[in-house]
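> Got a structure here, written out as structure tokens. Questions coming.
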Amino acid sequence: MEAHPDIIEMRSRHERAERATTTVGAQAVEALALLTGTYLAISPWVVGFNNLTTLTVNNLIVGIAYALIMSGGFGRAYEWTHSKAWAGCALAVWTVISQWVISGNVDTTKTVVNNVLVGVIALVLGIAASIVAALGARRLRGQRAAPYQGGAGS
């Protein structure tokens, strides 16, 4: 069973995908995304708008979600990494528009500047993660597993 062509191909594809997502670029995007999500979660207390409860809770939840999605170790396959990257982009867009959508008067200068800057950075990181995933997948498509050699015990 170990020498079955499908198992050999799956193992080879898994190893190539793992190598692609452990590049310096992928690790840099992942680290910056973790910092961005962490900052978004604590930004109400850093910037000083924690008295705006609805936006504080929003930033805390979205920041934690962004940090977990984007830095939870890029997926070992293109589909996982690509999906995570676009989910991160959706959270980034929500961060930009949230102060105008959330009920209450929460669109102060502090909140707008903070959330727009953090949202744009998060969006750029999400797009970068998607590009890293696409480039890794493109490189992997050009490689093939070793042909099946057959063997004893097949």
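The values are calculated or read from the model by the stated rules, or taken from the named source; none is laboratory data. Everything quoted here is computed from the prediction, not taken from an experiment. Every residue, glycine as well, gets a Cβ built from its backbone with ideal geometry; the counts of neighbours run over all protein chains shown. Remember, those area values only see protein heavy atoms, side chains included, never the ligands or the DNA or RNA. Shrake-Rupley method; radii C 1.70, N 1.55, O 1.52, S 1.80 Å.
> List the number of the failed condition for Asn50; all other conditions in (1) open to solvent by 40 Å² or more (accessible area, probe 1.4 Å); (2) at pLDDT below 65 hold.
Only one criterion in (1) open to solvent by 40 Å² or more (accessible area, probe 1.4 Å); (2) at pLDDT below 65 is unmet by Asn50, namely (2).
> Something else now. Could you say whether any residue in region 122-129 is farther than 19 Å from Asn51 by Cα, buried (at least 17 other Cβ atoms within 10 Å of the Cβ) and modelled with pLDDT under 90?
Yes, region 122-129 contains at least one residue that is farther than 19 Å from Asn51 by Cα, buried (at least 17 other Cβ atoms within 10 Å of the Cβ) and modelled with pLDDT under 90.
> Considering only region 42-58, state which residues are farther than 21 Å from Trp86 by Cβ and either assigned to a helix (DSSP H, G or I) or of a type in the set (D, E, K, R) (or both).
Selection gives Ile42, Ser43, Pro44, Trp45, Val46, Val47, Gly48, Thr53, Thr54, Leu55, Thr56, Val57.
> Right, here's the next one. Scan region 24-32 and tell me whether some residue there is β-branched (Val, Ile, Thr), modelled with pLDDT under 90 and surrounded by fewer than 20 Cβ atoms within 10 Å (Cβ to Cβ).
Yes, there is a match, as at least one residue in region 24-32 is β-branched (Val, Ile, Thr), modelled with pLDDT under 90 and surrounded by fewer than 20 Cβ atoms within 10 Å (Cβ to Cβ).
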